[in-house]
Amino acid sequence: MPARTRTKRRSFLPPLKLSTLLPSHYNLRPDEVNTVVCPDCQTWQRIMGDKTLTIRDHYSTDLSGAELEAGQRDTRCSSARRIVEVDVKVAHWAKQVEEGSTQVAARRATTVLKKIPTPKPAALHQLDPAPATADSARKTYETHCSRCTTCTGKSHCQDGQRLHRHYLHLLRLEPQHRRERELAAAANRKAERKAAKEAPARRARQWDDVRLRVLAKDILREIPLQDALGPIRGAAVPTDHEDTKKQSQALAKTRTEKAIREASPVRAAA
């Protein structure tokens with residue numbers, strides 16, 4: 001039950017009809033305090049009074065003196081003590097509020113799908129170079145020696161000495177690398193021979209899995225269909241092109257003359 005209004009002064013504005021507001025802008029539940037959104041300051045205010053309902057006396061800013069700026073004065077809202085007319089049914093209002101809540105709860109935010117950028121190939125300077133071999137290291141060393149004036153058979157520059165050491169290191173590791181490549185090739189050949197040897201047995205197992213189904217299809221295919229007319233026992237169709245053409249022309253001529261005779265009363269009598 002709203003509290004009693006303690007003043008007889010009213011707002012100069014016309015009475016506020018709840019039917020002109022949105023259902024979500026006022027509250028008429030019996031077990032709660034009746035409130036309404038002030039149409040002027042857009043704040044929730046209590047509905048006061050027992051017989052004559054009015055909006056609670058409030059200010060436009062509704063702030064205390066400490067929160068107001070220096071030199072600012074709080075002014076009374078024009079809708080303070082404004083008469084409220086309840087021209088809606090509580091049951092109908094509650095139904096509207098419930099339907100609105102259901103629609104809001106059913107809304108789902110649109111899932112934003114991020115566009116996956118197309119992968120770009122790496123630049124040439126970003127690619128990992130192929131592993132160096134003794135042959136490639138030797139060619140690099142010889143190319144440097146042919147262009148460098150300091151590198152000779154006995155002395156080298158700093159870069160030439162580094163390339164020479166790298167070539168000797170790979171040359172010492174070349175037998176080990178060769179054995180590793182041979183072992184890898186032998187393992188691949190062994191795996192291929194094993195797969196080729198097991199292929200017939202694997203194929204036989206696959207055929208055993210579908211043998212019964214294939215046999216059933218073959219039996220059904222050999223059974224003749226009841227009351228079926230095969231192509232050999234069908235109607236005789238002329239195979240000679242000239243005879244077929246003549247028959248078609250004679251049939252078309254007969255049909256044409258018959259149509260003309262039926263359409264013309266003179267020819268029909270004749």
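The values are calculated or read from the model by the stated rules, or taken from the named source; none is laboratory data. These figures come from a predicted structure and were not determined experimentally. Positions of Cβ are generated from backbone atoms using ideal geometry, with glycine treated the same way; all protein chains shown enter the neighbour counts. Each accessible area value is taken on the protein alone, full model and side chains, heavy atoms only, with ligands, DNA and RNA left out. Shrake-Rupley method; radii C 1.70, N 1.55, O 1.52, S 1.80 Å.
From the list Leu183, Leu168, Leu163, which residue is loosely packed, with under 12 Cβ neighbours inside 10 Å and not small (Gly, Ala, Ser)?
Details: Leu168 fails: loosely packed, with under 12 Cβ neighbours inside 10 Å; Leu163 fails: loosely packed, with under 12 Cβ neighbours inside 10 Å.
Sole residue among the options that is loosely packed, with under 12 Cβ neighbours inside 10 Å and not small (Gly, Ala, Ser): Leu183.
Mind checking whether some residue in the stretch 148-164 is modelled with pLDDT of 80 or more, within 30 Å of Gln42 (Cα to Cα) and over 36 Å from the mean Cα position of the chain (by Cα)? Break it down into steps so the answer makes sense when it comes.
Here is the first cut: in the stretch 148-164, the residues modelled with pLDDT of 80 or more are 148-151, 155-164.
Filter once more, so that each one left must be within 30 Å of Gln42 (Cα to Cα): none.
Looking for residues that are modelled with pLDDT of 80 or more, within 30 Å of Gln42 (Cα to Cα) and over 36 Å from the mean Cα position of the chain (by Cα), one finds none in the stretch 148-164, hence no.
Among the residues making up the stretch 145-180, those that are assigned to a loop (DSSP other than H, G, I, E, B) and either under 14 Å from Ala132 (Cβ atoms) or free of Cβ contacts under 8 Å to residues at least 12 places away in the same chain (or both) are Thr149, Thr150, Cys151, Thr152, Gly153, Lys154, Ser155, His156, Cys157.
If only residues of the stretch 209-228 that are open to solvent by less than 100 Å² (accessible area, probe 1.4 Å) and not β-branched (Val, Ile, Thr) are counted, the one that is modelled with the lowest pLDDT is Ala228. Figure legend. Inter-residue proximity from the stretch 43-71: first residues closer than 19 Å to Lys17 by Cβ and outside any strand (DSSP E or B), second residues among the small types (Gly, Ala, Ser) and modelled with pLDDT under 80, beta-carbon distance below 8 Å, spacing 6+ or different chains. Indicated pairs: Gly49/Ala3.
When Gly71, Gly49 are checked against the criterion of being modelled with pLDDT under 80 and of a type in the set (Gly, Ala, Ser), Gly71 stands alone in meeting it.
Name the single residue that is most open to solvent (accessible area, probe 1.4 Å) among those in the stretch 123-138 being at pLDDT below 80 and in a loop (DSSP other than H, G, I, E, B).
Residues of the stretch 123-138 at pLDDT below 80: 124-131.
Restricting the remaining residues to those that are in a loop (DSSP other than H, G, I, E, B) gives 127-131.
Working: Leu127: 94, Asp128: 142, Pro129: 112, Ala130: 85, Pro131: 116 Å².
Looking at the filtered set, the residue picked out is Asp128.
Being part of a helix (DSSP H, G or I), open to solvent by 60 Å² or more (accessible area, probe 1.4 Å), among the basic types (Lys, Arg) and free of Cβ contacts under 8 Å to residues at least 60 places away in the same chain is a property that does not hold for Lys115. Ser78 fulfils the conditions (1) part of a helix (DSSP H, G or I); (2) open to solvent by less than 100 Å² (accessible area, probe 1.4 Å) except for a single criterion, (1). Inspection of the stretch 192-208 finds a residue satisfying the criterion of being surrounded by 10 or more Cβ atoms within 10 Å (Cβ to Cβ), within 30 Å of Asp135 (Cβ to Cβ) and modelled with pLDDT of 75 or more. Under the condition of being open to solvent by 100 Å² or more (accessible area, probe 1.4 Å) and modelled with pLDDT of 75 or more, the residues counted in the stretch 95-110 number 2.
Leu63 fulfils the conditions (1) at pLDDT 85 or above; (2) open to solvent by 50 Å² or more (accessible area, probe 1.4 Å); (3) out of contact with any strand residue (DSSP E or B) (no Cβ under 8 Å at 6 or more places or on another chain) except for a single criterion, (1).
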